[in-house]
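Have a look at the structure below before the remarks.
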Amino acid sequence: MNGIGFGGLDAALTVAGWLDLVGSVVLVGGLLYGALVAPPSRQGARSLRTAIMLVVIGLALQFGFTALRMEDVSDVRGLRLVVDLVETRWGTLWMLRAFGLAVLASRARMVAVAAPPWLLLRSLQGHPGAHGVVPALVDWLHLAAAAAWIGGLVQLALAGPVVPVAVAQRVRTIATAAVAVVLPAGVYGALLHVHSWRMLFSTPYGRTLMVKLALVPVLLALGAANHFRHVPAVARDEAAASADLARNVRAEIVLAAAVLLCSALLGVLPMPHVHPG
């Protein structure tokens with residue numbers, strides 16, 4: 001390998017994919033929050049600009065690292081390598097994602113409508129897209145619902161020290177609907193890529209999936225605490241209710257970032273294959 005070894009390149013692609021994924025989730029979820037819940041606060045609007053920069057950095061790094069990987073397995077170099085990469089299916093989708101990001105960053109009216117479909121390009125670009133249209137669509141539903149949930153939590157955390165009751169209740173409704181989509185779509189994706197218990201324990205992909213699956217119940221428990229305890233307490237105007245909700249939301253966001261890191265790693269690791277015999 002030239003410059004970066006195989007393991008190092010995988011790690012670099014994972015970090016780049018994580019930046020891309022975090023930025024995409026925060027951006028799309030923030031735009032949906034603005035359309036369905038309330039205008040973002042000043043800090044919330046700043047987080048959207050930061051998210052755009054994260055996606056820009058993630059996309060640039062992914063293109064560069066993918067070009068390095070392509071260079072290592074071919075004799076093509078320089079501009080010809082860049083042209084060949086752009087002409088691949090992955091490269092075409094990369095270009096469409098970059099163009100779509102420019103649209104989302106334009107602050108045009110109804111830009112929130114374009115945000116969820118933009119995520120479909122990412123699903124088509126990754127492992128689900130390699131399985132066909134239906135797996136890519138299911139992964140897109142999974143990703144869009146996760147964005148609405150996690151991105152909404154980020155905006156809620158940045159809304160201010162006192163959370164308006166209506167805002168908390170709307171975010172709770174969106175998060176509940178998102179979970180109803182995330183769970184079955186996630187199960188479908190897991191069964192699609194890992195066909196047996198042996199693959200779950202014996203392959204890097206399976207073991208990473210197990211870590212992600214271990215984190216998800218904790219994330220759901222935090223969400224349930226918000227749904228059944230903290231948001232109703234805010235509605236009852238109990239003392240310290242907003243502070244308790246904010247603390248729990250921050251914990252939920254940190255854990256969600258870890259789940260997204262696992263997702264980014266899954267996007268880099270080779271999918272398990274059934275070997276005959």
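Can you tell me how many residues within the range 195-223 are surrounded by fewer than 19 Cβ atoms within 10 Å (Cβ to Cβ), aliphatic (A, V, I, L, M) and touching a helix residue (DSSP H, G or I) at 6+ places or on another chain (Cβ under 9 Å)?
Going through the range 195-223 one residue at a time, the tally reaches 9.
Looking at (1) touching a helix residue (DSSP H, G or I) at 6+ places or on another chain (Cβ under 8 Å); (2) surrounded by fewer than 21 Cβ atoms within 10 Å (Cβ to Cβ); (3) without any contact (Cβ under 8 Å) to a residue 60 or more places away in the chain, which is the only condition GLY58 fails?
(2)
For the range 195-268, please list each of the helices (runs of 4 or more DSSP H) lying entirely inside it that holds at least 2 residues being in contact with a Gly (Cβ under 8 Å, 6 or more places away or on another chain). Quick ask: steps written out before the conclusion?
On the way: elements: 197-202, 204-225, 231-235, 241-268.
Where helices (runs of 4 or more DSSP H) fall fully within the range 195-268 and carry at least 2 residues being in contact with a Gly (Cβ under 8 Å, 6 or more places away or on another chain), they are 197-202, 241-268.
Any idea which residue in the range 123-180 is surrounded by the fewest Cβ atoms within 10 Å (Cβ to Cβ), counting only those that are outside any helix (DSSP H, G or I) and not small (Gly, Ala, Ser)? Break it down stepwise before answering.
First pass over the range 123-180, keeping only residues outside any helix (DSSP H, G or I): 126, 132, 158-164.
If we keep only those that are not small (Gly, Ala, Ser) as well, we get 158, 161-164.
Details: LEU158: 18, PRO161: 7, VAL162: 11, VAL163: 22, PRO164: 14.
Going through the qualifying residues, I end up with PRO161.
Answer yes or no as to whether GLY58 is under 15 Å from the mean Cα position of the chain (by Cα), in a helix (DSSP H, G or I) and more than 19 Å from SER123 (Cα to Cα). Please lay out each step first, then the result.
On the way: under 15 Å from the mean Cα position of the chain (by Cα): yes; in a helix (DSSP H, G or I): yes; more than 19 Å from SER123 (Cα to Cα): no.
Criteria not met by GLY58.
What are the pairs with Cβ atoms under 7 angstrom where one residue, in the range 184-202, is without any contact (Cβ under 8 Å) to a residue 24 or more places away in the chain and the other, located anywhere, is part of a loop (DSSP other than H, G, I, E, B) and surrounded by 17 or more Cβ atoms within 10 Å (Cβ to Cβ)? Sequence gap at least six, or different chains.
LEU200/VAL194
Quick check on the range 70-121: of everything there that is of a type in the set (Gly, Ala, Ser), within 21 Å of VAL26 (Cβ to Cβ) and not in a helix (DSSP H, G or I), which residue is nearest to the chain's Cα centre (by Cα)?
Per the stated criteria, the residue is ALA105.
Picking from ALA67, ALA16, which residue would you name as being assigned to a helix (DSSP H, G or I), within 26 Å of ALA130 (Cα to Cα) and in contact (Cβ under 8 Å) with a residue 24 or more places away in the chain? Outline the logic, then answer.
Numbers: ALA67 fails: in contact (Cβ under 8 Å) with a residue 24 or more places away in the chain.
Only one candidate passes the filter, namely ALA16.
Restricting the search to the range 135-147, which residues are over 11 Å from VAL181 (Cα atoms) and touching a residue at least 40 places away in the same chain (Cβ under 8 Å)?
Step one: filter the range 135-147 for residues over 11 Å from VAL181 (Cα atoms), giving 135-137, 147.
Selection gives PRO135, ALA147.
For the range 100-112, how many residues are surrounded by fewer than 15 Cβ atoms within 10 Å (Cβ to Cβ) and either charged (D, E, K, R) or in contact (Cβ under 8 Å) with a residue 24 or more places away in the chain (or both)?
First, the residues of the range 100-112 that are surrounded by fewer than 15 Cβ atoms within 10 Å (Cβ to Cβ): 102-103, 106-110.
Filter once more, keeping what is either charged (D, E, K, R) or in contact (Cβ under 8 Å) with a residue 24 or more places away in the chain (or both): 107, 109.
Qualifying residue count for the region: 2.
Please state which one of ARG89, ARG42, ARG97 is under 30 Å from GLN155 (Cα atoms), at pLDDT 90 or above, surrounded by fewer than 14 Cβ atoms within 10 Å (Cβ to Cβ) and not polar (S, T, N, Q).
ARG42
Looking only at residues that are among the small types (Gly, Ala, Ser) and in contact (Cβ under 8 Å) with a residue 12 or more places away in the chain in the range 203-227, which one is nearest to VAL134 (Cα to Cα)?
Going residue by residue through the range 203-227, those that are among the small types (Gly, Ala, Ser) are 206, 214, 221, 223-225.
From what is left, the residues that are in contact (Cβ under 8 Å) with a residue 12 or more places away in the chain are 206, 223, 225.
On the way: GLY206: 22, GLY223: 29, ALA225: 34 Å.
The residue in question is GLY206.
The values are calculated or read from the model by the stated rules, or taken from the named source; none is laboratory data. These numbers come from a predicted model, not from an experiment. Positions of Cβ are backbone-derived with ideal geometry, glycine not excepted, and every protein chain shown enters the neighbour counts.
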